[in-house]
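The values are calculated or read from the model by the stated rules, or taken from the named source; none is laboratory data. This is a predicted model, so every value here is computed, not measured. Methodologically, a virtual Cβ is constructed for each residue, glycine included, from the backbone with ideal geometry; neighbour enumeration extends over all protein chains shown. What goes into the accessible areas is simple: the full protein's heavy atoms, side chains included, and nothing from ligands, DNA or RNA. Shrake-Rupley method; radii C 1.70, N 1.55, O 1.52, S 1.80 Å.
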Amino acid sequence: MNISDRLAQKTPRVSAMKGPQEVGEADTIDLGSLSSVLWRGKYLVCAVMLLTTFLAGLYAYVLAVPLYQSTAVVMLNNRQEQVVDLESVIGGLGADSEAVNTEVEVLKSRSLLGRVVKKLDLTNDPEFNTLIAEPSFFEGLKQNVGRGVKTVLGIRAPQQPPLSPEAEARRHLETTINGLLERQTIRNVPQSLVFQITMQTESPAKSALVADTIADTYILDQLEAKFEATEQATSWLSDRVAELQVQLEAAEERVKTFRANIDLVSPEALQGLEVQLKETRDRIANVALSRDAAQDRLDGMSETGNEQTRMRLELDIRRASDQIVALETLQRQLESQIDQQSSDLIRLQQLTRESEASRLLYEYFLGRLKETSVQQGIQQADSRVLSDAVIPIMPSAPRKSLILAMGIFMGFLIGSALVLWREMMRDTFRTPSDMEFLTGHTSMGQIPLIPARKRKDAIAYLQQKPTSAVAEAIRNLRTSVLLSNIDHPPQLIMVTSSLPGEGKTTVSIALAQNIASMGRKTLLIEGDMRRRIFGEYFEVADKTGLSRILFDGVPLMEAVTKLENHDFDVLLADKSPANAADLLSSQKFRALLDEAREHYDQIVIDTPPVLVVPDARIVAQLADAVLFVVRWDKTLKGQVLAGLNEFDSANRPVDGLVMNQVNLRKMRSYGTYGGYGRYGRYGAYGAYGSYGSKYYNN
């Protein structure tokens, strides 16, 4: 069974112990815990804040170049005065957002700024033209490093062909315009037609000068645009008027020539001809009626009629016929004359209209030409300067207070992130509740860190201060162990850990000493036959030990050491020619423990770490209670789980965990002092909290 399997098995067991409030709060962010983490790392946070504040101050007061800001104010003039009531060639600007945004872009245009650069000769100013500026320290360092790397790697920069003088001048101009754009800010005041032209440079006077020059150039550009447009319009109108004059003269000449080549006609004369033609037609009809009547009378006369009457009728018929012929000739003449004069009149009217149209067009363009010529001297700009730039007294950048505040804030963020990252990377146990939750085993005790540098001093401290917090913690551990099985109290107690250095030997000795203080006959066995460090705790001469009993059959009571200043006996481990695990697995060792059970009320055996050698798992098969020591905020969780897994694989799980070497001062900042955490038995004030100090005498 690996660690992950063990965790999967143990987690449901612990989760089942939680109350409804604990389950609900597990899905939320515990602000109290977060604050505790930050408070524990307050020194790191403060150190980072001091560092970032120092760096911010170094930049603000030493490294940063002071910058001065000056602003010129311009307003769009949409209420221009009309000197004369003439229509302009270019109309004024509107007041809508499109017009305002357009003017903002005009103020940022490279053509406008190029004129400013040329007017102020900014191409020779290193602040704007970076091509002639000395490289900064960091830029020089970057260039040197880059050249060094290329030299080491054998990389050669491509040779650029030399630029022509015109191209080089253009390059300097464009670079200067870029520098001017970086230092220029154009802002439209909301709900207004006012623009703020702000310039920020290293010189107060230069900032004001450049801002004013941009404003003046902007207004001058508007005037020049209007003047140029008016001048172009005047030139075009002049050419157009000349063309129209020629066309008018040609049209009038055509009318004059046409009148000279035709009879003088008019609509009234043509109307008279039409009346005459109608009368002629009427006369032809009347004469034809008279002739027909005479012919009828002549045809009705008999041959014997009056000869004189006949002759007279024949004469009337001939006269009427002759008159009809004459009238028909006159009719044809009139019709021809009317057709000709009608055509001539239409042509004359067409030529006259063309001439009149040419005259009207010529007169309109002539009048527009005169108006445009007058406007050349009365043009107005679409904007005006409301306020000239003022030379600033104090620098606008760097804003030292803001930089310092940002340094403090960034230091807090970085420090907090480091603290939280360190907390996330932490893989140790700090609270019994965490240990119980992850392992699924009960925590039987939490022992504070003993204020002693040597092992011998640690035991002496417990003897000299029986009412201290550490002594009370040992008593709590003793009580938890003895009451772990009320029906069959454990007689043989084994103490082990996952790795060396977790204080298991000190816990074993302290537990044996505390049990002996109850008046019980106690034996402490040094089960770690490989290291044999009991000599660092007790002043004893070389004496018969555990291996002599197992190899040479020395009686137990002869091998046991009676300590002068302690109420318990000790069975030391001596050097053995055989492997320790083999000795502990023997029947002789089992018989030894059975004999010890007959002579002693309580037996405590200290064994090697379980992840180092198999000795602890062997002894655990014979023990009544197995205590697993975990060093506070030191032993990794994976190591603890691996050690517990070793016992599970041997079918002998541990009976309880002991959190050792707890730093009470640091543990207060974690919110628990020996209980089950925030929602456990002790809540926020565990066995060694501020309330417990009233009962201890350290």
Averaged over every viewing direction, what's the projected area of the C-alpha convex hull for segment 320-457? Give it in nm², one decimal, please.
37.3 nm²
Only four residue types carry charge here, +1 at the Cβ of Lys and Arg and -1 at the Cβ of Asp and Glu. Report the dipole size of the chain about the Cα centre in Debye, rounded to the nearest 20.
5200 debye
Rounded if a/c is under 1.5, else prolate if a/b is larger than b/c, else oblate: which is segment 450-513, with a ≥ b ≥ c the root eigenvalues of its Cα gyration tensor?
oblate
Taking every DSSP bridge whose two residues both lie in the chain, the antiparallel percent to the nearest 5 is 45 percent
What do you get when you divide the Cα radius of gyration of the chain by 2.2 N^0.38 Å, with N the number of residues?
2.29
Acute angle (nearest 10 degrees) that the helix 637-649 long axis makes with the longest principal axis of the chain, alpha-carbon atoms
50 degrees
Rounded to 5, percent antiparallel among DSSP beta bridges of segment 515-668:
15 percent
Unit charges at the beta carbon, dipole of segment 237-337: most positive-side option, V241, V255, Q276:
Q276
Where does the Debye-calculated log10 I(q)/I(0) of segment 404-458 sit at q = 0.14, 0.29 Å⁻¹, using only Cα point scatterers of equal weight, no solvent?
-0.69, -1.05
Rounded to the nearest 20 debye, dipole of segment 207-285 from Cβ charges on Lys, Arg, Asp, Glu:
780 debye
Carbon and sulfur atoms: what percent of the 1.4 Å accessible area of the chain do they account for?
54 percent
Using a cut-off of 14 Å between beta-carbons, work out the net charge of the residues near Y461 (Lys and Arg +1, Asp and Glu -1, Y461 not included).
+3
Among A294, I219, V73 - extreme Cα towards positive end, dipole of the chain, charges at beta-carbon:
V73
Per residue value of the accessible surface for the chain (all protein chains in place, 1.4 Å probe), Å²
56 Å²
Normalised by the residues of the chain, what does the relative contact order come to in percent, with Cα pairs under 8 Å and at least six apart?
19 percent
Ranking A458, A405, A389 by how far each Cα lies towards the positive end of the charge dipole of the chain (+1 on Lys and Arg Cβ, -1 on Asp and Glu Cβ), the top one is A458
Calculate the radius of gyration of the Cα atoms of segment 141-238 to one decimal place, then report Dmax, the largest Cα-Cα distance, as a whole number, both in Å.
22.6, 73
Just to confirm my numbers, what's the Cα centroid distance between segment 286-362 and segment 444-480 in Å?
158 Å
Please give me the summed charge of the neighbours of A60: other residues whose Cβ is under 9 Å from its Cβ, Lys and Arg +1, Asp and Glu -1.
+2
Relative to the chain, whose Cα atoms define the longest principal axis, helix 504-516 and its Cα axis are tilted in degrees, nearest 10, by 50 degrees
Angle in degrees between helix 110-120 and the longest Cα principal axis of the chain, rounded to the nearest 10:
80 degrees
In segment 233-344, how does Rg compare with the Kirkwood Rh, expressed as the Rg/Rh ratio over alpha carbon atoms?
1.48
After finding the eigenvalues of the alpha carbon gyration tensor for segment 475-541, what semi-axes result from the square roots of 5 times each, listed largest first in whole Å?
23, 15, 10
Filtering trypsin sites (Lys or Arg not before Pro) in segment 356-462 by DSSP loop and by at most 10 other Cβ atoms within 10 Å leaves R453, K454
Net charge dipole size for segment 547-595 [Lys, Arg +1 and Asp, Glu -1 on Cβ; Debye, nearest 20]
200 debye
Length-normalised contact order of segment 396-548, Cα under 8 Å, at least 6 apart, in percent, tallies to 17 percent
